[in-house]
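Inspection log for the structure reproduced underneath, given as structure tokens.
The values are calculated or read from the model by the stated rules, or taken from the named source; none is laboratory data. Only a predicted model underlies this, so the values are computations on that prediction, with no experimental measurement involved. Using ideal geometry, Cβ is built from the backbone for each residue, glycine included, and neighbour counts are taken over all protein chains shown.
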Amino acid sequence: MSKKDKANNQPIDRVRDGAGSLKVTTPDDDSAITGMLTFGNGLYVVKEKGIYEIKLADQIDPERKNIHVPNTIQRVLPYGSAEPWVGAVFLTGHELLKKEILNNGIDLDKAMLIVLEIAQNIASAKEVLEVFSDSQRSEIEKYDLKVSKNRSIVLPSVNGVANKCKEFFQKSDHALDGLFKIVKLFNPNVGKGGWKSLQEEVEKEHNKIDNFLATLENILPFLQFVRNSRNCVEHPRADQRIVTTDFRINPENQLLPPSIEVVHPKTHQPPMPVVEFMSQAVNSIVDIVEVMLAFLCNRQIQPIEGFPVHVHFFPENQRRTQSIKYGYGIATEKNIIRFG
């Protein structure tokens with residue numbers, strides 16, 4: 001036996017190099033595994049109710065000094081493939097950010113890690129929405145909303161409306177900030193001008209590649225609204241603030257839910273119910289991340305001789321996973337042939 005073989009025949013080597021299996025379950029998630037993804041140095045298990053990262057003992061203890069170091073399983077996203085938005089953001093990112101298709105020079109591993117961060121911030125925003133919605137519903141159920149004989153009524157109340165809205169705006173802005181980081185990986189010339197600088201770069205193009213400019217013109221107002229709203233909660237002043245109200249009744253004796261108003265000279269939002277506002281905002285963020293990934297990747301496909309490959313929107317009957325709408329394909333006269 002050679003010295004190398006002896007060195008690799010220590011008990012810790014036999015443990016680390018031997019076959020093994022992992023059971024990816026948690027006390028609150030026994031859902032089915034629907035996929036396995038790798039990017040960066042990570043291995044990720046996609047389940048219906050969550051996304052989990054697996055780290056092998058050698059990643060924790062690369063010098064193999066401690067035989068007792070275990071493999072670890074940790075949830076990195078509390079939503080899984082059963083949620084359409086996870087497919088639209090996280091799984092679509094993995095579907096499109098492919099090294100064998102996109103141009104060299106783009107750090108796709110970094111891009112995918114940012115996609116995960118974006119998904120985590122969207123998840124946090126959605127959790128704020130869900131907790132607020134549950135609290136609102138619970139409060140209504142507690143009270144008998146009838147006017148008493150003394151002509152008074154006890155109104156329900158959700159504690160900390162302003163703080164919950166502040167947290168929602170911060171998580172939403174973090175998600176879109178992550179998206180802008182991906183934009184800069186694909187377009188190094190985009191800089192301090194923020195989203196407006198991306199629009200200016202696209203406007204400089206002599207040949208019309210696609211309808212990216214028109215899409216940007218449609219989504220830029222919302223992107224600016226989210227940034228301004230975050231500034232309203234972090235740097236409030238008379239003309240830049242949010243105004244929140246708890247449950248209240250109007251002159252018609254109708255019970256009105258908690259509401260929010262964004263006071264800003266450029267992106268004013270009139271009062272509207274908090275739950276409705278948050279729901280619309282988070283859905284818009286998901287849609288924007290999804291379509292932005294599609295445009296960015298479609299513009300960076302490396303030349304593939306004989307194959308005019310593009311990012312396509314696939315109809316439901318052609319999707320491998322229902323929530324992943326975009327993928328690479330070759331358009332023919334009759335249909336689109338999936339590529340990659």
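Observations on the structure shown:
- Taking each residue of the range 102-131 that is more than 26 Å from Ala281 (Cα to Cα) and looking for partners that are of a type in the set (S, T, N, Q) with beta-carbon atoms closer than 8 Å, six or more apart or interchain, yields Leu102/Gln300; Leu102/Gln302; Asn103/Gln300; Asn103/Gln302; Asn104/Gln302; Ile106/Gln300.
- Taken over the range 24-68, residues that are modelled with pLDDT of 90 or more, surrounded by 16 or more Cβ atoms within 10 Å (Cβ to Cβ) and assigned to a loop (DSSP other than H, G, I, E, B) amount to 4.
- Residue match in the range 229-242 (condition: hydrophobic (A, V, I, L, M, F, W, C), in the same structural domain as Arg137 (by TED's automatic domain parsing), surrounded by 13 or more Cβ atoms within 10 Å (Cβ to Cβ) and in a strand (DSSP E or B)): yes
- Matching residues, the range 160-203, being modelled with pLDDT under 95, among the small types (Gly, Ala, Ser) and under 22 Å from the mean Cα position of the chain (by Cα): Gly194
- For the range 82-122, filtering for residues that are part of a helix (DSSP H, G or I), over 19 Å from Asn41 (Cβ atoms) and aliphatic (A, V, I, L, M) leaves 7.
- Checked against the criteria, Ser323 does not count as assigned by TED's automatic domain parsing to the domain that holds Asp239 and surrounded by 15 or more Cβ atoms within 10 Å (Cβ to Cβ).
- Yes/no for Phe132 being closer than 22 Å to Cys297 by Cα, in contact with a helix residue (DSSP H, G or I) (Cβ under 9 Å, 6 or more places away or on another chain) and in a helix (DSSP H, G or I): no
- Residue within the range 276-290 that is of a type in the set (S, T, N, Q) and touching a strand residue (DSSP E or B) at 6+ places or on another chain (Cβ under 7 Å) present: no
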